[in-house]
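A quick write-up on the structure given underneath.
Bear in mind that the values in this text are calculations on the coordinates, not laboratory data. Predicted model, so just to flag it, every value in this text is computed and none were measured. All Cβ positions, even for glycine, are placed from backbone atoms using ideal geometry, and neighbour counts span all protein chains on display.
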Amino acid sequence: MAIVSDTLMWIVIAVAAVVVVALVAGLIVARNRRISLEREREEKPKAGRYQAGGGIAFAPGGEDAPPRHPVEERTEADGEPGVGDDAAVPRDAPRRGLVDVGLPEEQPLPQPRQAPEPEVPAAPPEPEPEEVPSAEGRIERLRGRLSKSRSALGQSLLGLLGAGDLDEDSWQDVEDTLLVADLGASTTTEIVQRLRAQLSARGVRTSDDARALLSEVLTEALGADSDRAVRALPHTVDGTKQPAVVLVAGVNGTGKTTTTGKLARVLVSQGRSVVLGAADTFRAAAADQLQTWSQRVGAEVVRGKEGADPASVAFDAVKRGVDAQADAVLIDTAGRLHTKTGLMDELGKVKRVVEKQAKVDEVLLVLDATTGQNGLAQARVFSEVIDVTGIVLTKLDGTAKGGIVFQVQRELGVPVKLVGLGEGPDDLAPFEAAAFVDALLD
Ligand SMILES: Nc1nc2c(ncn2[C@@H]2O[C@H](COP(=O)(O)OP(=O)(O)OP(=O)(O)O)[C@@H](O)[C@H]2O)c(=O)[nH]1
């Protein structure tokens, strides 16, 4: 009897031990599973091979954060969710699911006024910013205005290349065409070499092929991806808003004042506040001309007495811009021959004096496209004195020498940022390599 009860007791103990072991093992497995799931969840966002396709878009701070998933801004037009979307309800679905939206806090109803407020004299109406055509519109204009350059460069090149196999004489003609259009010797040699290599490699036979090749080679020679943004927007220094300072320089009559006025017009039309500095104190008419522009576009102008030190006028303009928290200060300087050392020194001084209180963000050298090779000599000297950051090529509407763009950029390493296409207030366009080449070849 005792033996039977002992055996029973051992069986019970063994079963209990097996149950305890099974429970512990089960707990450990369950715990491990949970941990591994959490790890998986932690590691997901690393997305190892993810490569962003485009640059980060920035916007000025201080604005209300947009809703996290603004349905109306989703780009999927075909009902498929895009990258980054949650399981989006397609645009064309009859009903969207529930979306959490923030409700505006209850506002107290406006109380009727007890007593009429004292009358405040009405402020004079703000001058309406004049409407400025879009960049696309300007490029269209560029197409139209470049007719002369077109016949000189694009059409002759297309005629030559589209003719099929080229002999040495024909290549000589291609070279001459590029030289006549002011592309300069080194750019011409480089372009011809590339054309020769590609023409046979690609087996170019039709005029469409020739056009595509020419367009590619010329666009590349212009540096399609150069940074051509004009630094004319404000920035912050030690928490304080600083206007962008733009210095406009060049030889006499290239179009500095006109370009300064046109640029101010574009900025003001985009809601920017602009102070113009009339640092051309040689010619009273120049300051008057800038003042007229300022009235026309709704910008403030700072000018000195005739014959005043241009550096001090420029200094005052920047000071005014800083004090008034303007967005940009555009300083128009007097025309000067690059060969006159004294005048070039004076220009260097203007920049140095301005920099005592604010960095000069953009130094625009205005070149007259009709002056061809001479423009290059000017650009070199100006660049040495004031460290040019961008070129404005004016009067492209009246020249067959648009090719100077290639040379200036190549030799100075400074991008052409703007082009002048006429005397009108809207005849200033951004320079875009592909569009420019298109305009040459169309
Ligand atoms: N066709 C054409 N004319 C232009 C263009 N830009 C300026 N002009 C004209 O060129 C002339 C000289 O322009 P300004 O702006 O006075 O030149 P500036 O460089 O300020 O002259 P200075 O102060 O004397 O050195 C004016 O008649 C302008 O209307 C352009 O892109 N195309």
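Quick notes
- Where labels lie 7 Å past Cα in the beta-carbon direction, separation of residue 216 and residue 196 in nm: 1.9 nm
- Amide H within-cut-off set for residue 421, under 5 Å, with H built and near neighbours excluded: 395, 428, 429
- Only lysine pairs 8 or more places apart or on separate chains count here, and in segment 235-432 those with Cα atoms under 21 Å apart total 29.
- Unit Cα scatterers, Debye sum, segment 235-432: log10 I(q)/I(0) for q = 0.10 Å⁻¹: -0.36
- In a reduced charge model with +1 at each Lys and Arg Cβ and -1 at each Asp and Glu Cβ, segment 163-269 shows a dipole moment near 1020 debye about its Cα centre.
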